[in-house]
1. Provide a single number: the residues in segment 266-287 that are out of contact with any His (no Cβ under 8 Å at 6 or more places or on another chain) and open to solvent by 10 Å² or more (accessible area, probe 1.4 Å).
2. Residue check: is Pro17 touching a helix residue (DSSP H, G or I) at 6+ places or on another chain (Cβ under 6 Å) and either assigned by TED's automatic domain parsing to the domain that holds Arg349 or over 19 Å from Trp333 (Cα atoms) (or both)?
3. Would you check if Glu494 is in the same structural domain as Val422 (by TED's automatic domain parsing), in a strand (DSSP E or B) and open to solvent by 40 Å² or more (accessible area, probe 1.4 Å)?
4. Is it true that Arg104 is within 16 Å of ligand 2 (Cβ to nearest atom), open to solvent by 20 Å² or more (accessible area, probe 1.4 Å), within 25 Å of Tyr263 (Cα to Cα) and not small (Gly, Ala, Ser)?
5. Pick from segment 270-303 the residues that are in contact (Cβ under 8 Å) with a residue 60 or more places away in the chain and touching a Gly at 6+ places or on another chain (Cβ under 7 Å): which of them is farthest from Val442 (Cα to Cα)?
6. Of Gly534, Gly577, which residue is open to solvent by 10 Å² or more (accessible area, probe 1.4 Å), over 23 Å from Gly439 (Cα atoms), of a type in the set (Gly, Ala, Ser) and modelled with pLDDT under 95?
7. On the basis of being on the phi < 0 side of the Ramachandran plot, at pLDDT 95 or above and outside the structural domain of Asn113 (by TED's automatic domain parsing), does Ala144 make the cut?
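The values are calculated or read from the model by the stated rules, or taken from the named source; none is laboratory data. Predicted model, so just to flag it, every value in this text is computed and none were measured. Here the Cβ positions follow ideal geometry from the backbone for every residue, glycine too, while neighbour counts run over all protein chains shown. Heavy atoms of the whole protein, side chains included, go into the accessibility calculation; ligands, DNA and RNA do not. Shrake-Rupley method; radii C 1.70, N 1.55, O 1.52, S 1.80 Å.
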Amino acid sequence: MSLPVTPSTPFGGDYNPEQWPEHVWKDDYRLFDAARIDTVTLGVFVWAKTQPAEDTYDFTVLDRAVDEAEAQGRRICLATGTGAHPAWLARAYPEVTRTDFEGRKHRFGQRHNSCPSAPAFRRLSAGLAARVAERYAGRPSVIAWHIGNEYGGACYCDLCAAGFRDWLRTRYGTLEALNAAWYTDFWSHTFYDWDEIEPPSALTEHWRGPDHTAFQGITLDYLRFMSDAMLANFRDEKDAIRRFSPDLPVTTNFMGMYRPIDYHRWAEHLDFASWDNYPPENTTPAWMGLSHDLMRGLKGGQPFWLMEQAPTTTACRDVNPVKRPGVMRLWSWQAIAHGADAVLYFQMRASRGASEKLFGAVINHAGRDDTRVFREVAALGAELADFGPVALGARTPARVALLFDWDSWWTLEISDGPNRHVRYPQVVLAYYRALWEAGVDVDVVPVTAGLDGYDVVVAPALHMVKGDLAQRLEAVARRGGSVLASYLSGRVDESDNAFLADVPGPLAPLMGIRIDEWDAREPEFTNPVLLGSGPDAVESAARLVFELVIPQGADAVGSYQADFYAGTPAVTRNTFGSGHGWYVAAGLDQPGVDWVVRQVLDTAGVATRHPGLPHLETAARVAPDGTRLLFLLNHSDQPVTAPAAVGGTDLLTGDTFAAGGQVTLDGHGVRVLREH
Ligand code: GLA
Ligand code: ZN
C-alpha cells in the first residue's frame, strides 16, 4: 500500500474547528474555497473530547467536523488524536506520565507526555484508534489515517526499565552476550541478573547530559529501545485501525533530521512517509533539501507528504520572523521538487489561546481574506490546482546516494572524544550541500539500501560500519563507482566498540589508507589543507578533527599545511577495482568540501547543473508516464539567469525554453520545466 490516491496535490493542513464556535466554520470553508484548500487534517488533539472518561466515548464534535468537511467536499486526513492524553487518564493511571532524564516524574501537562511502555496508555490509545477507525473508515472523504503526532522524546520510568530489559533479552539472549556487547569488564559493570540493568540517565551512567555517558553501549541500546518502544505504540494503533480499515493508507508526521527516532527502523511500518518542515533559523535551503530527501528515502524513493509547514511565522522560538513574500511558495515547490505529493500547513486557522495563538495560520484571528499570508496561500492553491496531477507519483532519477544512519549519529554524538563540537547533521549537511550546489539529484538512503544503481555513494561521518556495508561499498567501487567517506568513519561496530584494526576499520581496504592518530582542536582553530596541486590548487581551512593519514596505496589529494603534521595527507583517493575510494580526513570548510565533491563527481562522470549559481536549486522528477520534470528554484531575492540545462515548457507560465538557451527566474522564482 502506498500514498492516498488524489486527483491533484493535496493542499490544506491541520484544522482544529473544535476550538471555535460552529458559526465560524462556515466562514472557514468560504475561505478554504477562496484558497483552493481541498484537504484538512482533523482531530490531531481531540482525545479529551472524543473520550471524556474511560468508559465514555463521545464523537459529537469530531462527527460535526467530519460531516462539515465532507459536506463541503474536502478530503480528510483523520488523526487518531493520541498525541496528547486527557487529564482524567493521567489521574486514573499516574504511571502514564513520563519520567525524565533527571528522574523527575512528570504529572499531567503539555502533550507528548505519555510513557510508551505504560500498559494503560497502550491499551487506551489503541482502543481509541479502533473506535475512530470503526466510526469513520467508511467515509468517502477520509483518505488517510494520521496516528499520534510527532513521536519523540524519551521516558526513564520503571516500566520503561522493565521494557528495556525485555528488549535486551530479545536482542542478546544471554547476559554473557550483553556483557560482551556493552564491554562491562570496564569499570566493574558485569551484570549477573537482568534486573540489575538500569536505564542510562542522569541518575545512572550519565555525567553531564544525554550525550555524556560512561557506557556508550548502554546509552546506544536505550536510544534504540526508546525508538522501538514508540514504534510499538504506533503499531498498536495501526493494528487497531487495520481491524476496521484494511486499505486506507496510514502515516504519522515525522520531523526530518530528528535524533531520538530512527525513522529508518519505522519506515516499513508506515504506508507512506510524511513530515513537518520547520527549518531552524539561519538555515540554508540545502538543509530543507536534505531533510526532504531523507524523508523520500524512507520508503525507497516513494513520494511523501509535506504534512506541516508554517504559512508564515512560527511561535515557539525566541524570535519568530515572518516568511518573506514568495518564500512560502518557493519552499512549497521545493518540497514538491524533492518528492512531496502534498503541501499542507500547520495551521488553517489560528488558535485563540494557549501557546500557539501567535503561530502563523492561513486564516488569522480576524478571519480576513486580504492578508498578505492569505493571498499568498490562495495564489499557491490556484497554482497547484492548475498544475494538476503531473508530478504525483514521480520519482527522483538520482545517480548519487548519500548514506544517513541514526546509529552513526547516536554513536558519534555520545562518544567521549575526539571532539564534542562535531555534530553529525552538520557533517552530513556539508556534503549534501556540495552536491546540492552542484545541482545533482541525491537519494538520501539508509545503510541497508541497495547501492547498485548509484555511480557515487557519499558516506559522511559513517561512524558505525555494520553488517556487510563495507563489502557493499567495495562493490560500488569495484564496478567503477566512487565512494566518498569523511573523517570519523569506520570507528565502531554495531555495539559501539572499536575495531581491533587500523582506522577506518572495515573501510580501510577501500580507502587504501590507515589513520595513525587524530588531533582535535577548538572550533576557532584552523589548519589549512592544500587541495590539488599546481596553479589550480586551493586552500581550505580545516577545523575540529584532523586525522593523520598514512597512505596504503591511496594517492594524496590534499595535505595539511601546518603543525607537526604539515605535509601529511588530509584527503586521499584510492583506485579500487575500476573505481575509487575517496577519504576526507579533516573538517574541511565548505569550499573545501565543495572542491572534493566536484572532483568526485567529475571522476565519476556525474553531470552537474548550474554549479556556479549557488542560489539556484534544481531537482528532477520523472512521472509514472515518463514525463520528465526539472524544477528550478531561485533562493535569492534577486533575479537570476542561467543556461537552460534542458529544453522544456514551464508548466507554471507556459514559457518555453530551448536547451542551451537562457532561463530567467525572478527573485524567489520557481519554474517547473516539462522537458521536450
Ligand atoms: C508541530 C506540531 C503541531 C504544531 C506545530 C507548530 O509540528 O505537530 O501540532 O504544534 O508544530 O508549533
Ligand atoms: Zn516510561
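1. 11
2. The answer is yes for Pro17.
3. Judged against the criteria, Glu494 is not a match.
4. no
5. Among residues in segment 270-303 that are in contact (Cβ under 8 Å) with a residue 60 or more places away in the chain and touching a Gly at 6+ places or on another chain (Cβ under 7 Å), the one farthest from Val442 (Cα to Cα) is Pro303.
6. Answer to the check: Gly534.
7. no
Rundown of residues vs (1) more than 29 Å from Val343 (Cβ to Cβ); (2) in the same structural domain as Gly289 (by TED's automatic domain parsing), yes/no style:
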| residue | (1), (2) |
| --- | --- |
| Ala378 | no, yes |
| Arg423 | yes, no |
| Tyr432 | no, no |
| Asp441 | no, no |
